[in-house]
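Read through the structure below, which is laid out as structure tokens, and then see the notes.
Taken together, the values in this text are just the output of simple stated rules run on the coordinates, not laboratory data. Since the structure is predicted, the reported quantities are computational estimates derived from the model, not experimental observations. A quick note on method: Cβ atoms are made from the backbone with ideal geometry, for glycine too, and the neighbour counts reach across all protein chains shown.
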Amino acid sequence: MRRTIIAVYDDASTGQHVVNELVNAGIDRSNIGFAMQDREGKGARYLKGDDDVSASEGAGFGAIVGGLTGLLVGLGSLMIPGVGPILAAGPLISALAGTAIGIGAGAVTGGIVGGLVDLGVPQEEAGAYAEAVRRGSTLVTATVHQDHLDTATRIMQNHNPVDIDTRVTQWRAKGWENFDPSIDPYTAEDIATGQDTGTRANPPTPTDMPASMQAGSPRAYSSGYDQWHDDFHSHYEQHYGSAGRDYLQVMPAYRQGYYMGTDPQYRGATWDQIEPQARSYYEKGSYDTPWDDIKDAVRYAWEKVKDAVTD
């Protein structure tokens with residue numbers, strides 16, 4: 001059984017160090033997720049090779065993004081409602097993109113909360129993680145089997161993750177209620193001056209933080225999809241791996257098939273009946289892989305899950 005461990009850090013450089021240690025510990029790069037603010041678009045420009053990110057004003061950020069490019073799978077830029085532009089990678093970017101196809105196909109609503117719920121995070125906790133990213137913190141996730149759970153948790157704990165419960169208490173003391181994707185993202189000035197109604201104005205350095213804010217522990221979650229991961233991955237290796245496709249390119253298709261297999265309205269139909277709707281959902285995600293090249297993964301997951309699920 002796989003579980004996804006999630007930790008929050010107040011700076012991207014710490015998140016980068018955590019990712020590096022996870023990779024060095026043998027955690028598969030494709031199973032490490034990452035999300036951080038890219039409020040000024042520097043990371044997106046770096047990924048495109050634009051020179052201006054190498055200038056002094058963006059050099060530190062560019063170094064972080066450059067380091068992550070060599071460590072993570074699928075690092076890319078996304079626009080998230082209520083958060084703004086972020087850089088994300090691994091299962092997290094796949095989950096965030098996957099929610100675009102889920103509405104009406106058994107998944108939760110889109111955005112960063114939907115992507116986290118898709119990974120097994122309860123909705124209220126997902127809202128807290130989303131708010132943390134909205135306020136400039138960095139998320140790191142590691143999706144691992146039980147034999148790597150302790151190792152990954154220890155690495156993430158050693159870098160003093162945010163105590164998310166304490167942070168939520170502080171936000172609520174200043175008027176925050178829950179994550180709202182319909183409002184405008186915070187600007188850098190909002191956070192610098194404390195106008196985000198939070199606690200990030202002139203944030204202390206990690207060594208100066210109170211003990212309660214250094215006592216955070218990574219949390220482990222599991223989703224229904226995780227129960228099928230090994231089966232889907234075996235199918236991928238047999239049908240797509242030899243063609244040179246990365247598993248993260250195919251994962252959204254397996255996720256969609258999983259959702260449709262758990263949805264009663266699709267379980268009693270034939271593939272010919274549901275394929276037009278399945279194609280429509282998939283193409284809403286604007287994936288690079290054409291439908292005709294990926295539809296067998298959707299069908300496989302749908303057939304496996306619908307035959308196993310009982311109401």
First measure r as the distance between the Cβ atoms of T289 and K48, then evaluate 1/(1 + (r/R0)^6) with R0 = 22 Å and state the FRET efficiency to the nearest 0.05. 0.55
Set the Förster radius R0 to 35 Å, insert the Cβ-Cβ distance between E303 and S182 as r into 1/(1 + (r/R0)^6), and round the FRET efficiency to 0.05. 0.40
Correct semi-axes for segment 225-308, from √(5λ) of the alpha-carbon gyration tensor and rounded to whole Å with the largest first, are 19, 15, 10
Chain lengthening between Q146 and D296 when straightened (0.36 nm per residue, less Cα-Cα): 51.0 nm
Here the FRET efficiency for R172 versus S217, based on Cβ atoms and R0 = 25 Å and rounded to 0.05, is 0.80
Could you check the spin-label model distance between Q157 and A243? Points 7 Å from the Cα along Cα→Cβ, value in nm. 4.3 nm
